[in-house]
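Novice: There's a structure below that I have some questions on.
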Amino acid sequence: MIQSTTKGVLHFEDLEPMMFERMYRSILDTEGLYEDIRSYGIKGSDEGVDILCTRKGGTSKYFIQCKRYGSLTKSELFKIVDRIISGNNCYLNQIIMVVTSCDVTRESYEAYEKYAIEKGFSKASIVDRTSLDSQLHLEKFRLVKERFFGTEISREEQARKKIKDTKKAKN
C-alpha cells in the first residue's frame, strides 16, 4: 500500500503571520459559504480583526483574528476579545472567531467562549491546528494547500490515485 507523503500535521509555523492570514482567507473563499470577505490584518492596523465577513444568507458579521502561535492561553484569548471590542463599535450580537496554528486546551476554549458571550458576542469559536489540518487535507482545499505549502504536496494526490488504480485493478 502506498502511503501519503504528508505525514502528520501541516507545518503552519513555516508560514509568516501575513501568509497564515492569507491562507485562511483563501479557505473562506474556497468554501463559498461567505460573502463580503474583507482582509484587514494584511493591510496593517486591523483593530483586532484580520478578516471580516458574513455567511451567505445571514446577517451576522464574523470578526476573525488569525494567530500563528505555538500556544494560546486563556488570557491571550481574552485580550483578543477585548481588542476587537475596543476597536469596533458594531460587535454586539455578532460572531467572534480565532484561527490559530496551535491546539487550545478545553479549559481555555470554554473560558474564551464564556467571556466573549458575556461581553456581547452571540457566538465564539476557535479554528485550531487540528481543524485547519483536517480541512486542508480535504480535496476541496487541495489548491489552497499547494499554494501555501508547496507543490510537493501534490505527491499526496498521486499516492491517492495509485491506491485507487490498484483497487480498480484488483476488481
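The values are calculated or read from the model by the stated rules, or taken from the named source; none is laboratory data. None of these values were measured; they are calculated from a predicted model. Cβ placement follows ideal geometry from the backbone for every residue including glycine, while neighbour counts extend to all protein chains displayed.
Novice: Check whether at least one residue in the stretch 71-85 is closer than 21 Å to Leu10 by Cβ and out of contact with any helix residue (DSSP H, G or I) (no Cβ under 6 Å at 6 or more places or on another chain), and report yes or no. Full working, then the answer.
Specialist: Filtering the stretch 71-85 down to residues closer than 21 Å to Leu10 by Cβ leaves 71-72.
Restricting the remaining residues to those that are out of contact with any helix residue (DSSP H, G or I) (no Cβ under 6 Å at 6 or more places or on another chain) gives 71-72.
Looking through the stretch 71-85, at least one residue is closer than 21 Å to Leu10 by Cβ and out of contact with any helix residue (DSSP H, G or I) (no Cβ under 6 Å at 6 or more places or on another chain).
Novice: Let me ask something additional. Can you confirm whether Ser71 is among the small types (Gly, Ala, Ser) and outside any loop (DSSP other than H, G, I, E, B)?
Specialist: On the way: among the small types (Gly, Ala, Ser): yes; outside any loop (DSSP other than H, G, I, E, B): no.
Here the answer is no, as Ser71 does not meet what is asked.
Novice: If you take the residues of the stretch 11-38 that are charged (D, E, K, R), in contact with a strand residue (DSSP E or B) (Cβ under 8 Å, 6 or more places away or on another chain) and within 15 Å of Gly57 (Cβ to Cβ), which of them is surrounded by the fewest Cβ atoms within 10 Å (Cβ to Cβ)? Can you show your working first?
Specialist: Taking the stretch 11-38 and keeping what is charged (D, E, K, R), we get 13-14, 16, 21-22, 25, 29, 31, 35-36, 38.
The next check asks that each one be in contact with a strand residue (DSSP E or B) (Cβ under 8 Å, 6 or more places away or on another chain); those that pass are 21-22, 25, 29, 35-36, 38.
The next check asks that each one be within 15 Å of Gly57 (Cβ to Cβ); those that pass are 35-36.
Details: Glu35: 12, Asp36: 9.
Ranking the qualifying residues of the stretch 11-38, first place goes to Asp36.
Novice: Test Ser101 against the criterion of being polar (S, T, N, Q) and within 22 Å of Leu28 (Cα to Cα), and give yes or no.
Specialist: Values: polar (S, T, N, Q): yes; within 22 Å of Leu28 (Cα to Cα): yes.
Yes.
Novice: In this structure, is Ser86 surrounded by fewer than 12 Cβ atoms within 10 Å (Cβ to Cβ), closer than 16 Å to Ala116 by Cα and modelled with pLDDT of 95 or more? Steps first, answer last, please.
Specialist: Values: surrounded by fewer than 12 Cβ atoms within 10 Å (Cβ to Cβ): yes; closer than 16 Å to Ala116 by Cα: yes; modelled with pLDDT of 95 or more: no.
In short, no.
Novice: How many residues are part of a helix (DSSP H, G or I) and modelled with pLDDT of 65 or more if we restrict to the stretch 118-161?
Specialist: Quick first cut of the stretch 118-161, residues part of a helix (DSSP H, G or I) only: 118, 129-136, 139-149, 151-161.
The next check asks that each one be modelled with pLDDT of 65 or more; those that pass are 118, 129-136, 139-149.
Total meeting the criteria: 20.
Novice: Condition first: under 18 Å from Ser86 (Cα atoms) and either touching a Cys at 6+ places or on another chain (Cβ under 7 Å) or touching a residue at least 24 places away in the same chain (Cβ under 8 Å) (or both). Now tell me which residues in the stretch 104-121 satisfy that.
Specialist: Scanning the stretch 104-121 gives Tyr112, Tyr115, Ala116, Lys119, Gly120, Phe121.
Novice: Kindly indicate which of Tyr69, Tyr91, Tyr62 is aromatic (Phe, Trp, Tyr) and surrounded by fewer than 19 Cβ atoms within 10 Å (Cβ to Cβ). Let's see the steps before the verdict.
Specialist: Details: Tyr91 fails: surrounded by fewer than 19 Cβ atoms within 10 Å (Cβ to Cβ); Tyr62 fails: surrounded by fewer than 19 Cβ atoms within 10 Å (Cβ to Cβ).
Checking each option against the conditions leaves just Tyr69.
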